[in-house]
Amino acid sequence: MLIAIDGPAGAGKSTVARAVARALGFAHLDSGAMYRCVALLSLDSPGTAPGTLAQAASIEFGFGGDKGRVVLDGRDVTAEIRAPEVSEAASRVAADPRVREAMVARQRELVAVGDWVAEGRDVGTVVAPDAEVKVFLTASPQERARRRAGELGADPDTVLAEQTLRDERDIGREHSPLAPASDAVMLDTTGLTVDEVVGHIAALAAGHHTSSRA
Ligand code: DC
């Protein structure tokens, strides 16, 4: 089974996707981490086209004992890819169709086998339009900025201003703009606890099992 969780930055996707995966015993795919890896490469090699870097990159995710680790070309970049300048660069490289093509192909390969919770912007629309469960997480811009600022120890107003720019770029880009799949369940997480959101998604997954057996 594949559970697709899409939505804007700060809607709670990563926390929720990780918790749903743990609760159901599914593997977790953080597709944003892949765009962040390409962003890191393009910051290191500004003269090379991001699409070329994306095609050559080896991006591995830790499972089992290494759960949650991200390894890029043999280097553990788990912490580095969360830096604000990488977030900014990720939003830029994610608008490049060659980068998207390379990342989507790898994401499809990964989720083809087994049970997955895959989070991103285009999982339910492009990567896996056949996903059994599709959720689009939202939260108010202020709430999203507050959460991100808390994680980063940064000023909420600065985070809100940067987030607004990234949102505009993610929503307005020509290739795979951020948008819910027509059959996604919209879930506003403003004021909800992680457990409440996880419970809701687990119920959707259980409902799918029940209805497909009926
Ligand atoms: O979820 P995140 O903040 O780690 O994502 C980093 C950037 O990558 C963000 O600007 C949106 C982009 N992204 C995307 O375009 N498609 C995805 N499936 C995941 C992330």
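The values are calculated or read from the model by the stated rules, or taken from the named source; none is laboratory data. Nothing here was measured: the structure is a model prediction, and the numbers come from that model. Cβ placement follows ideal geometry from the backbone for every residue including glycine, while neighbour counts extend to all protein chains displayed. Heads up: the accessible areas ignore ligands, DNA and RNA and are worked out on the full protein's heavy atoms, side chains in. Shrake-Rupley method; radii C 1.70, N 1.55, O 1.52, S 1.80 Å.
Considering only residues that are in a helix (DSSP H, G or I) and open to solvent by less than 40 Å² (accessible area, probe 1.4 Å), which ones fall in the range 115-151?
Start the filter on the range 115-151 by keeping residues that are in a helix (DSSP H, G or I), which leaves 123-127, 141-151.
Across the range 115-151, the qualifying residues are 123, 124, 127, 143, 144, 145, 149.
If I filter the range 42-55 for residues that are within 26 Å of residue 114 (Cα to Cα) and surrounded by fewer than 22 Cβ atoms within 10 Å (Cβ to Cβ), do I get at least one hit? Reasoning before the result, please.
Keep residues of the range 42-55 that are within 26 Å of residue 114 (Cα to Cα), which gives 54-55.
Narrowing the set further to residues that are surrounded by fewer than 22 Cβ atoms within 10 Å (Cβ to Cβ) leaves 55.
Yes, there is a match, as at least one residue in the range 42-55 is within 26 Å of residue 114 (Cα to Cα) and surrounded by fewer than 22 Cβ atoms within 10 Å (Cβ to Cβ).
Going through 165, 178 one at a time, which residue ends up being modelled with pLDDT under 95 and under 26 Å from residue 1 (Cα atoms)? Don't jump to the end; show me each part of the working.
Numbers: 165 fails: under 26 Å from residue 1 (Cα atoms).
Going through 165, 178 in turn, the sole match is 178.
Residues that are out of contact with any helix residue (DSSP H, G or I) (no Cβ under 9 Å at 6 or more places or on another chain), assigned to a loop (DSSP other than H, G, I, E, B), open to solvent by 20 Å² or more (accessible area, probe 1.4 Å) and not hydroxyl-bearing (Ser, Thr, Tyr): does the range 86-101 have at least one? Walk me through it before giving the result.
At the first step, the residues of the range 86-101 found to be out of contact with any helix residue (DSSP H, G or I) (no Cβ under 9 Å at 6 or more places or on another chain) are none.
No - not one qualifying residue is present in the range 86-101.
In the range 152-163, which residue that is part of a helix (DSSP H, G or I) and loosely packed, with under 13 Cβ neighbours inside 10 Å is nearest to the ligand (Cβ to nearest atom)?
Filtering the range 152-163 for residues part of a helix (DSSP H, G or I) gives 152, 156-163.
Filter again for loosely packed, with under 13 Cβ neighbours inside 10 Å, leaving 157, 161.
Details: 157: 19, 161: 15 Å.
For the range 152-163, the residue satisfying everything is 161.
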Scanning the range 93-102 residue by residue, those within 8 Å of the ligand (Cβ to nearest atom) and farther than 10 Å from residue 36 by Cβ turn out to be 95, 100
Looking at the range 9-57 only, could you name the residues that are within 18 Å of the chain's Cα centre (by Cα) and without any contact (Cβ under 8 Å) to a residue 24 or more places away in the chain? 22
Please give the number of the condition residue 78 fails out of (1) closer than 20 Å to residue 144 by Cα; (2) open to solvent by 10 Å² or more (accessible area, probe 1.4 Å); (3) within 13 Å of the ligand (Cβ to nearest atom). (1)
Only residues in the range 176-189 that are closer than 17 Å to residue 32 by Cβ count as the first member; pair them with residues that are of a type in the set (D, E, K, R) and in a loop (DSSP other than H, G, I, E, B), Cβ under 6 angstrom, at least 6 apart or cross-chain, and list the lot. 176/122; 178/121
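Quick check, is residue 109 open to solvent by 50 Å² or more (accessible area, probe 1.4 Å), at pLDDT 95 or above, within 14 Å of the ligand (Cβ to nearest atom) and closer than 19 Å to residue 176 by Cβ? Can you show your working first?
On the way: open to solvent by 50 Å² or more (accessible area, probe 1.4 Å): yes; at pLDDT 95 or above: yes; within 14 Å of the ligand (Cβ to nearest atom): no; closer than 19 Å to residue 176 by Cβ: yes.
No; evaluated as a whole, the condition is false for this residue.
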Which residue is farthest from the ligand (Cβ to nearest atom), if the candidates are limited to the range 11-25 and must be modelled with pLDDT under 95 and within 20 Å of residue 125 (Cβ to Cβ)? 12
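Could you list, in sequence order, the residues of the range 164-209 that are acidic (Asp, Glu), within 30 Å of residue 92 (Cα to Cα), assigned to a helix (DSSP H, G or I) and open to solvent by 60 Å² or more (accessible area, probe 1.4 Å)? Explain how you work it out, then say what you get.
Within the range 164-209, the first condition is being acidic (Asp, Glu), and the residues that meet it are 167-168, 170, 174, 183, 188, 195-196.
From what's left, within 30 Å of residue 92 (Cα to Cα): 167-168, 170, 174, 183, 188.
Those still in the list that are assigned to a helix (DSSP H, G or I) too: 167-168, 170.
If the condition is that a residue be acidic (Asp, Glu), within 30 Å of residue 92 (Cα to Cα), assigned to a helix (DSSP H, G or I) and open to solvent by 60 Å² or more (accessible area, probe 1.4 Å), then 168 is the only one that fits.
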